[in-house]
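**Q** Pasting a structure here, questions to come.
Please treat every number below as a calculation from the coordinates, not as lab data. None of the values given here were measured: they were computed from a predicted structure. Every residue, glycine among them, receives a Cβ derived from its backbone with ideal geometry; neighbour counts consider all protein chains shown.
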């Protein structure tokens, strides 16, 4: 918002002169209701001095009409009847400010999202709704008062939650602009799911080759405080001034003393499934997540450890770095912006009993296939069948497992990456085993990105991978050799098809993290219907959340591949940098305010306030009454909702303003 | 349609339509109503929407005043419990809503006139479904006569 | 033991305790009841010396809730030299509950008052007796056995107390102030602690089972005689707001006329404000010049709060009253839901 030398002297006590501007919004509004009639009707209401209509008031021409009226002194309150205020309230507020009118003397009537778009078949009804919404906005406008924005400083530090490819890229870009970053990940290493991938489509770049340099860059970067094996436990405050509590989970190993010799791993008697390899291999209770892990630290998994004491012996751990009594450490940091890049979970296909995952040994998931293909995976890049550890001569992939499922409780969305990764995995295997028969059972092939269509074409044409358009109807196991017998329909040939394959890969989709509620509760951000974090606007603000200062990026916002994740990481970093570069941010001054003569000191508001922003003070005239700390107040109104005497009120949503919209008296 | 044409049509049609004032919380329900609009989900034109910062802002006075000042019904919508942008505004409001409902019923004032719901910013469809439901309920109750003043 | 004897014994005991407190300077003033100007009335009295102790009475006509005198906006019990005075309050169960609840709302500091506990056995429904006597003047009221005897110039009528007790008192389970065991020297008569208060709310069951139309008929008829005198508000200890909602302007919420909708709204909102705060003392009904029975509303409030939030007002000053608290699991069966 720009400072202007033009300023119209408004005290809030002069008679309101309300200008009503009804927008056609192209045909969105004008095509359903009679805009001229709405204008004429508005002009009949008390205190309305100007009524105008235009095709697009948000355009420069439209805004100019409003500004001219303000500058000519014809109006000192502005009501625009158009789209949702969540769309253009800032636009018109700026226009008012530029014309010299205090930006808070503006009110919007939503006659598009809340009228013409939802009552398209009932134009008379839509007209009545629009008319009333305008009347209500005018009523509120009469009771608006000029307000000053609050300016708060922005701490030039950022918190990035999640250190996968998205989080790491965001962190690096932030440091390039000169800002300090706390990079937190709850796993013992950075790298996220990308570290589990072997090759990346469509270039067949080795995932580790492009990932590990980034990981090294992170560990070397002086401006990044890397907090792995840590979790954010509390966030309070507001944009520019977030107070964050981070819990550093105990490794039970003194990282300073530990010299990384690894003898403890050999000595440990406890063997458990290795979660990095998705259960296809084992690890010890004392472990490093994977060889290239950064930081390269050993950790004891206390859930599996039996505290036998073997690793703690001097003969095993010479530096005596083992400490079973290690405790979590809590630190508190102040940051200006937060970026959420918490990634995803793989869909677990056990519930799809018809495909036999968990029952037949030779049915595996896409990520498990990735680990088999990985050069540092359980079979060092030579995939084998789980049943007999022989290389399969035939493989079938099933697409859309756990995605595009419109049944009760299913994920309706497309996971975006499975068509491409199945093609990639099929190609990779075919390259080493040209004689193998590979089938990909699909509904649609989504090859939308740069080079993706060509990659897919080549897989089908040059590599001879069989793409069968059909959903698999039945899956059985051949008990003699654990082969998988698949029955499906080839819908393009319009024939049933039955194949017996040695390995069956379910191309499982992406799901939001099972515990994403811990993030939404922590940061008060929302989730969309599919369970991923909700962006502020699906088209124009894909990395912002509705909470200023908090951004989302990567798969946590919705399924996407690596290039799109990195693009969002850069977008979120740029947005955060924008806030921090400015150094200060403006806050709407919609706070709670007390009328001391009305307050009886009952204390209900004090109890209701979730932010502890209200307390008792001893007023010389009125005794012990309530008092608001504006720095903590968020203007939610939980206090005013309970006040019997209307002693505490919210500026911007005051009792008088709301009453004027309810009452039938003008 | 012109204003005149609508007046004529209104006097033709005999069916009474309720007028319901809807208080929607800015962060969840108002956004949900916007989403219903963006998705072009249709619902009957009986509600008039007032934006509030949080369902916790709703004082019993707004609800009762709406009934005394001629609205046939009141609808209040906030974030789902646990999702409130202001942490607990909807939770303190929920208890108030319970008391209001119980007292309205005890006084013999049709409790169906005042309805409460939760709808998140992603639930455009749910918003429309519940608005339709509330409209039906109020419609069955007929015009709000109990608060008609004589003078 | 008959009512008459009980009252007499308690009265004697009360005067003893009061005398002792004033003599030992444990309190500066005591608020209690004295004989009223008319036979069926009682009045509050504030005494500050032992010689006035015999003015204190105790009988079934003590209907005012004395906790009210501790909440006016200007602290009344302040001496220019001594500062805040120590106050003793003659408390039947509901008065004690009111004091404890007001302490949880920060209107009273419990360590600055002495709750003199009295086991109340109910207050007579003065309006009912007056209605039955009609226009004849009542000259004398006394208690004999378990009845109230009302005498006039040429009549004498006996009212069995069990029947003519205030409806609220009939269902009352908290007849002596809670926490009384913490100060046994302040207890008059029988005063052990409560263990388990079980309230079935059977007294409002009949009303609650009526249809909506029947309820509206009953309540609108009962309230239609209201003259908006606000005696109920003045008698209630919980109505201590500096600015009552009916008196508000900017904005004016509701009308102050005696038009039925305005009357209904006043009582509806006042009841809403009492949720979790009303201690069911019945003072509001008993001071009403039109004899409106507000008791069923008060009992319903107690029932709602007990069933939904497992809360009974005025038992513990450290428990958060329900309307400033919340639980994730609060019942929400009334919320609109998709089918």
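**Q** Modelling each spin label as a point 7 Å along the Cα-to-Cβ direction, I'd like the residue C:25/residue A:72 distance in nm, to one decimal.
**A** Result for the modelled spin labels: 8.2 nm.
**Q** Could you identify which residue out of C:283, C:212, C:222 has the top mean-square fluctuation in a GNM of chain C using Cα springs shorter than 10 Å?
**A** Maximum among the listed residues: C:212.
**Q** What Kirkwood hydrodynamic radius do you get for chain C when you take the inverse of the mean 1/r over all pairs of distinct Cα atoms, in Å?
**A** Numbers: mean 1/r = 0.0468 Å⁻¹.
Here the Kirkwood hydrodynamic radius works out to 21.4 Å.
**Q** Counting residues in the stretch B:18-140 as N, plug N into 2.2 N^0.38 Å and put the Cα Rg over that result. Could you put the intermediate results ahead of the total?
**A** Values: Rg = 13.5 Å, N = 123, 2.2 N^0.38 = 13.7 Å.
For the stretch B:18-140, the normalised Cα radius of gyration is 0.98.
**Q** OK, next. Taking a ≥ b ≥ c as the square roots of the eigenvalues of the Cα gyration tensor of the stretch C:127-243, is the shape rounded (a/c under 1.5), prolate (a/b larger than b/c) or oblate? Could the numbers behind the result be given before it?
**A** On the way: a/c = 1.56, a/b = 1.09, b/c = 1.43.
Cα axes put the stretch C:127-243 in the oblate bin.
**Q** Reported to two decimal places, what Rg/Rh ratio describes chain A when computed on Cα atoms with Rh from the Kirkwood expression? Don't skip to the answer; put the middle values down first.
**A** Working: Rg = 30.9 Å, Rh = 29.2 Å.
Ratio of gyration radius to Kirkwood radius: 1.06.
**Q** What does the C-alpha gyration tensor say about the overall shape of the stretch A:140-196? Classify as rounded when a/c is under 1.5, otherwise prolate if a/b is larger than b/c, or oblate.
**A** Prolate, because a/c is 1.5 or more and a/b exceeds b/c.
**Q** On to the next question. Using helices alone, what [θ] at 222 nm do you get for chain B, with -39,500 (n - 2.57) per DSSP H run of 4 or more residues, divided over all residues and rounded to the nearest 500? If you can, show how the numbers build up before the last one.
**A** Working: 5 runs with 65 residues, N = 151.
-13500 deg cm²/dmol, from helical runs alone.
**Q** Now, a different point. Looking at the protein assembly as shown, what % of its DSSP beta bridges pair antiparallel, to the nearest 5? Don't skip to the end; give the middle numbers.
**A** Working: 76 of 151 bridges.
Antiparallel bridges: around 50 percent, rounded to the nearest 5.
**Q** Now for a separate question. Please give the helix A:418-432 orientation as an angle from the longest Cα principal axis of chain A, in degrees from 0 to 90, rounded to the nearest 10.
**A** Helix A:418-432 sits at roughly 20 degrees to that axis.
**Q** For the stretch B:83-151, which semi-axes, largest first and in whole Å, follow from the square roots of 5 times the eigenvalues of its Cα gyration tensor? Don't jump to the answer; show the numbers that get you there.
**A** Numbers: eigenvalues 138, 64, 18 Å².
Value: 26, 18, 9 Å, ordered largest first.
**Q** Angle, helix A:60-71 long axis vs. longest principal axis of chain A, Cα atoms, 0 to 90°, nearest 10?
**A** The angle comes out at about 30 degrees.
**Q** Residues of A:93-103, mean number of Cβ from any other protein chain within 10 Å of their own Cβ, rounded to a whole number? Could the numbers behind the result be given before it?
**A** Working: counts 0, 0, 0, 0, 0, 0, 0, 0, 0, 0, 0.
Across the residues of A:93-103, the mean count of other-chain Cβ atoms within 10 Å is 0.
**Q** Take A:513, B:40 and order them by how many other Cβ atoms sit within 10 Å, fewest up front. Before the final figure, lay out each step's value.
**A** Details: A:513 18, B:40 11.
Going from least to most buried by this count: B:40, A:513.
**Q** I'd like the orientation of helix A:562-582 relative to chain A: the angle between its Cα long axis and the longest Cα principal axis, in ° from 0 to 90, rounded to 10.
**A** So the inclination is approximately 40 degrees.
**Q** A follow-up question, please. Rounded to two decimal places and with Rh computed the Kirkwood way over Cα pairs, what is Rg over Rh for the stretch A:345-511? Each step should come with its number before you reach the end.
**A** Values: Rg = 14.9 Å, Rh = 16.0 Å.
Reported Rg/Rh, Kirkwood definition of Rh: 0.93.
**Q** Under the Kirkwood approximation for Rh and a Cα-based Rg, what ratio Rg/Rh is obtained for the stretch A:250-326? Provide the component values of the computation, followed by the final result.
**A** Values: Rg = 11.7 Å, Rh = 12.5 Å.
My calculation puts Rg/Rh at 0.93.
**Q** Ok, one more. Residue separation times 0.36 nm, minus the C-alpha to C-alpha distance between residue A:616 and residue A:40: what's the value? Intermediate results must be reported in sequence, preceding the final value.
**A** Working: separation 576, 0.36 × 576 = 207.36 nm, distance 5.06 nm.
Full extension from residue A:616 to residue A:40 adds 202.3 nm.
**Q** Any idea how far the Cα center of the stretch C:297-339 sits from the one of the stretch C:84-103, in Å?
**A** About 24 Å separates the Cα centre of the stretch C:297-339 from the one of the stretch C:84-103.
**Q** With 10 angstrom as the radius, rank A:69, A:345, C:52 by how many other C-beta atoms surround their C-beta, starting from the fewest. Please list the in-between numbers first.
**A** On the way: A:69 21, A:345 14, C:52 17.
Going from sparsest to densest Cβ surroundings: A:345, C:52, A:69.
**Q** Counting pairs of alpha carbon atoms under 8 Å apart in space and at least six apart in sequence, what relative contact order in percent does the stretch A:592-650 give?
**A** On the way: 106 pairs, mean separation 26.6, N = 59.
Once divided by the residue count of the stretch A:592-650, the mean separation gives 45 percent.
**Q** Over chain C, what is the relative contact order in percent, taking alpha-carbon pairs closer than 8 angstrom and at least six residues apart?
**A** Numbers: 524 pairs, mean separation 59.7, N = 339.
In percent, rounded to a whole number, it is 18.
**Q** Let me ask another. What number, rounded to the nearest 500 deg cm²/dmol, is the helix-based mean residue ellipticity at 222 nm of chain A, given -39500 (n - 2.57) per DSSP H run of at least four residues and division by all its residues?
**A** Here the helix-only value at 222 nm equals -7500 deg cm²/dmol.
**Q** In the calculated pair distance distribution of the stretch A:592-650, what percentage of Cα-Cα distances lie above 12 Å? Don't jump to the answer; show the numbers that get you there.
**A** Details: 997 of 1711 pairs.
Pairs farther apart than 12 Å: 58 percent.
**Q** Next question, about the same structure. Taking square-rooted eigenvalues a ≥ b ≥ c of the alpha carbon gyration tensor, is the stretch A:41-106 rounded, prolate or oblate, where a/c under 1.5 means rounded and, failing that, a/b exceeding b/c means prolate? Don't skip to the end; give the middle numbers.
**A** Working: a/c = 1.42, a/b = 1.15, b/c = 1.23.
Rounded.
**Q** Right, another one. Normalized C-alpha radius of gyration of the stretch C:202-324, against 2.2 N^0.38 Å? Kindly include the intermediate steps, with their values, before the conclusion.
**A** Numbers: Rg = 14.9 Å, N = 123, 2.2 N^0.38 = 13.7 Å.
Here the Cα radius of gyration is 1.09 times the empirical estimate.
**Q** Counting only other chains, and only Cβ atoms inside 10 Å, what mean value do you get across the residues of B:27-37? Don't skip to the answer; put the middle values down first.
**A** Details: counts 6, 2, 0, 6, 7, 0, 5, 10, 5, 4, 12.
Mean partner-chain Cβ count within 10 Å for B:27-37: 5.
**Q** Sticking with this structure for a sec: Which of these, C:31, C:264, C:100, has the largest mean-square fluctuation under a Gaussian network model of chain C (Cα springs below 10 Å)?
**A** C:264
**Q** So what's the gap between the Cα centers of the stretch A:566-583 and the stretch C:105-131, to the nearest angstrom?
**A** 65
**Q** Rank these for me by crowding, A:124, C:105, going from fewest to most other beta carbons within 10 Å.
**A** Working: A:124 17, C:105 20.
So the ranking, lowest neighbour count to highest, is A:124, C:105.
**Q** Rounded to whole Å, give me the distance from the Cα center of the stretch C:1-66 to that of the stretch B:66-94.
**A** The two parts, judged by their Cα centres, are 49 Å apart.
**Q** Give the percent of DSSP beta bridges with both residues in chain A that are antiparallel, rounded to the nearest 5.
**A** Numbers: 55 of 105 bridges.
Close to 50 percent.
**Q** Follow-up. What's the average, rounded to a whole number, of partner chain beta-carbon atoms within 10 Å of each residue's beta-carbon in B:115-121? Mind showing how you got there, number by number?
**A** Working: counts 3, 4, 4, 4, 1, 5, 8.
Across B:115-121, the average partner-chain Cβ count within 10 Å equals 4.
**Q** So, one more: Take the Cα gyration tensor of the stretch A:39-178, multiply each eigenvalue by 5, square-root it, and list the three semi-axes largest first, rounded to whole angstrom.
**A** Numbers: eigenvalues 280, 93, 36 Å².
So the equivalent ellipsoid measures 37, 22, 13 Å along its semi-axes.
**Q** Another one. If you average 1/r over every pair of different alpha-carbon atoms in the stretch A:1-113 and take one over that average, what Kirkwood value in Å do you get?
**A** Details: mean 1/r = 0.0716 Å⁻¹.
Every distinct Cα pair counted, the radius reaches 14.0 Å.
**Q** If a paramagnetic tag sat 7 Å from the Cα of residue C:153 along the Cα-Cβ line, which residues of the stretch C:34-52 would have the backbone N under 19 Å from that point?
**A** Answer for the stretch C:34-52: C:38-40.
**Q** If you don't mind, there's one more thing I want to ask. I want the antiparallel fraction of DSSP beta bridges within the stretch A:1-148, as a percent rounded to 5. Mind dumping the intermediate values first?
**A** On the way: 0 of 16 bridges.
In the stretch A:1-148, approximately 0 percent of DSSP beta bridges are antiparallel ones.
**Q** A further question on this structure: Jot down the per residue volume, in cubic angstrom and as a whole number, of the convex hull over the alpha-carbon atoms of the stretch A:401-477. Please report the intermediate quantities before stating the final value.
**A** On the way: hull volume 8.3 nm³, N = 77.
Per-residue hull volume (Cα only) is 108 Å³.
**Q** In vacuo Debye scattering of the protein assembly as shown, one point per C-alpha: log10 I(q)/I(0) at q = 0.09, 0.10 Å⁻¹?
**A** -1.15, -1.26
**Q** Counting each DSSP H run of 4 or more residues in chain C as -39500 (n - 2.57), what helix-only mean residue ellipticity at 222 nm follows after dividing by all residues, to the nearest 500 deg cm²/dmol?
**A** Rounded to the nearest 500, it is -9000 deg cm²/dmol.
**Q** Counting only C-alpha contacts under 8 Å and six or more residues apart, can you give the relative contact order of chain A as a whole percent? Intermediate values should be presented prior to the final figure.
**A** Values: 1394 pairs, mean separation 82.1, N = 666.
About 12 percent, as a whole number.
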